[in-house]
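Enquirer: The following block contains the structure, expressed as structure tokens.
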Amino acid sequence: METLFIGQREVPDLLPMADCIEAVRQALADLARGNGIQPLRPVMWLPERVGALGMMPGYLGSIETMGIKTVTVFPGNAGTEYDSHQGTVMLFDAENGRLKAVIDATEITSIRTAAASAVATDQLARTDSSVLAVLGAGVQGGAHIEAIPLVRDIEDIRVWSRTADSARRLAERDERAHVANSVSEAVAGADIVCTTTASPEPILTGDILEPGMHVNAVGSSVPFARELDSDAMDRSRIFVDRRESTINESGDFLMARNDGVIDEDDIVAEVGELIVDSHPGRESDSEVTLFVSLGLAVEDIAAGHLVYRNALESAQGVSMDFGGTRHG
């Protein structure tokens, strides 16, 4: 059997955001039902933490597929010709371990991360939410501007970035969007706030959160960086993609815990538990809900499987005899 190789340029057409949202929703539901395996990801850091290699394995029973994303993270690539996140998603069938596909991970990571935020938003944001604030104007800022309006009727989008030109370029991509001059200006009156920066220090503080908001905290996935201060964490009802990942990897959570304002009991539920109706989620229109997104291998596997299936149907990608079959 041959292995299908799918490159970066092909992935966006093979992974429509709306379809990816549904694939991620199913993956998180599988995990909540015990129909998936999601180990902690080992990460190898280079000296001085200039870059890292992450290894993210997982399994989804609903599609009988196991896989691993290998991803490099180099924040210093910002402003260069190189993406900050690069790597591959490899899919194996769960019957005999055959390598089915090797897919570029850059676009998968971008699309599925915003899709996960959309799933959380659909579960947690007030149904009348119409104002979106996006903090950060990089790849994830753009992906979230595409994803969130697919689950809520967004009429107004505020974009803030430390780099004004980046914010302007992103705002020009959507007629509903305009540039905010400060974080507080972007957040004031917003129903949904997405933090998508690479900032190691908090940009969203508890004093500017307003009753009824929903926040997607996306930018930090390491223990030593945070986008929300301890007051913001303390004022929010915390929902996560995976408890085990949060208490081991999330700088937003760990630093607030170290400050003594929250602990593990303050994690209300995993988003998958809301999807399968084992937890009600938001309980009032006045509470602030927070989704701490770290990114899970099962999300990459679900998105990669969708890419693989669509590539087969449209005859895209390059097939190669990659071993694994005995020849007489």
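None of the figures in this text is laboratory data; all of them are computed from the coordinates on show. Worth saying up front: this structure is predicted, and the values here are computed from it rather than measured. Here Cβ is always computed from backbone atoms with ideal geometry, including for glycine, and neighbour counts include all displayed protein chains.
Enquirer: Fewest first, what order do THR196, THR70 take by the number of other Cβ atoms within 10 Å?
Expert: THR70, THR196
Enquirer: For segment 33-55 and segment 138-159, write down the distance between their C-alpha centroids in whole Å.
Expert: Cα centroid of segment 33-55 versus Cα centroid of segment 138-159: 27 Å apart.
Enquirer: Going by C-beta contacts inside 10 Å, put LYS100, LYS69 in order with the fewest on the left.
Expert: LYS100, LYS69
Enquirer: Taking the Cα centre of each part, how many Å lie between segment 232-291 and segment 102-120?
Expert: 21 Å
Enquirer: I need the phi-derived Karplus couplings for segment 296-307: 6.51 cos²θ - 1.76 cosθ + 1.60, θ = phi - 60°, integer Hz, Gly and Pro marked x.
Expert: Here the 3J(HN,Hα) series is 10, 4, 5, 5, 5, 5, 4, 5, x, 5, 5, 4 Hz.
Enquirer: Another question, then. Could you work out the relative contact order of the chain, using alpha carbon pairs under 8 angstrom and six or more residues apart, expressed as a whole percent?
Expert: Relative contact order of the chain: 22 percent.
Enquirer: Separate question: Hey, in the GNM for the chain with a 10 angstrom Cα cutoff, which one of GLY281, GLY79, GLY304 fluctuates hardest?
Expert: Sorting by GNM fluctuation, first place goes to GLY79.
Enquirer: Ok, one more. What shape does segment 36-152 take by its C-alpha gyration tensor, where a ≥ b ≥ c are the square roots of the eigenvalues and a/c under 1.5 counts as rounded, a/b above b/c as prolate, and the rest as oblate? Before the final figure, lay out the partial values.
Expert: Values: a/c = 2.24, a/b = 1.20, b/c = 1.87.
Oblate shape, in that a/c is at least 1.5 and b/c is the bigger or equal ratio.
Enquirer: Sticking with this one: Tally Lys/Arg at +1 and Asp/Glu at -1 over every other residue whose Cβ is under 12 Å from the Cβ of GLU244; what's the total? Spell out each step's value before the answer.
Expert: Details: positive: ARG41, ARG242, ARG243; negative: ASP241, GLU249, GLU264, GLU270.
Here the charged neighbours net out to -1.
Enquirer: Something else about it: Excluding ILE208 itself, calculate the net charge of residues whose Cβ lies under 11 Å from the Cβ of ILE208, where each Lys or Arg counts +1 and each Asp or Glu counts -1. Please list the in-between numbers first.
Expert: On the way: positive: ARG235; negative: GLU185, ASP207, GLU210, ASP229, ASP231.
Every neighbour counted, the sum reads -4.
Enquirer: Tell me what the chain gives for mean residue ellipticity at 222 nm when only DSSP H runs of n ≥ 4 count, each as -39,500 (n - 2.57), the sum divided by the residue total, rounded to 500 deg cm²/dmol.
Expert: -9500 deg cm²/dmol
Enquirer: May I ask for the net charge around ILE157, where only other residues with Cβ less than 15 Å from the Cβ of ILE157 are counted and Lys, Arg are +1 while Asp, Glu are -1?
Expert: Every neighbour counted, the sum reads -3.
Enquirer: Report ³J(HN,Hα) in whole Hz for each residue of segment 233-244, in order, from the Karplus equation J = 6.51 cos²θ - 1.76 cosθ + 1.60 where θ = phi - 60°; Gly and Pro get x.
Expert: 5, 5, 7, 9, 8, 9, 10, 9, 7, 7, 4, 4
Enquirer: Please give me, ordered by residue number, the GluC sites (Glu not before Pro) of segment 26-116 that lie in loop per DSSP and have at most 15 other Cβ atoms within 10 Å.
Expert: The qualifying sites are GLU64, GLU81, GLU95.
Enquirer: Moving to a separate point now. In a GNM of the chain with a 10 Å cut-off on Cα contacts, which of GLY61, GLY260, GLY141 has the highest mean-square fluctuation?
Expert: For the chain, modelled as a Gaussian network with Cα springs under 10 Å, the answer is GLY260.
Enquirer: Which residue fluctuates most in the GNM of the chain (Cα springs below 10 Å): ALA120, ALA32, ALA315?
Expert: ALA315
Enquirer: Step through the residues of segment 43-53 one at a time and calculate ³J(HN,Hα) from phi using the Karplus curve (6.51 cos²θ - 1.76 cosθ + 1.60, θ = phi - 60°), rounding each to whole Hz and writing x for Gly and Pro.
Expert: For segment 43-53, the Karplus-derived couplings read 10, 9, 9, 7, x, 6, 6, 6, x, 9, 10 Hz, x marking Gly and Pro.
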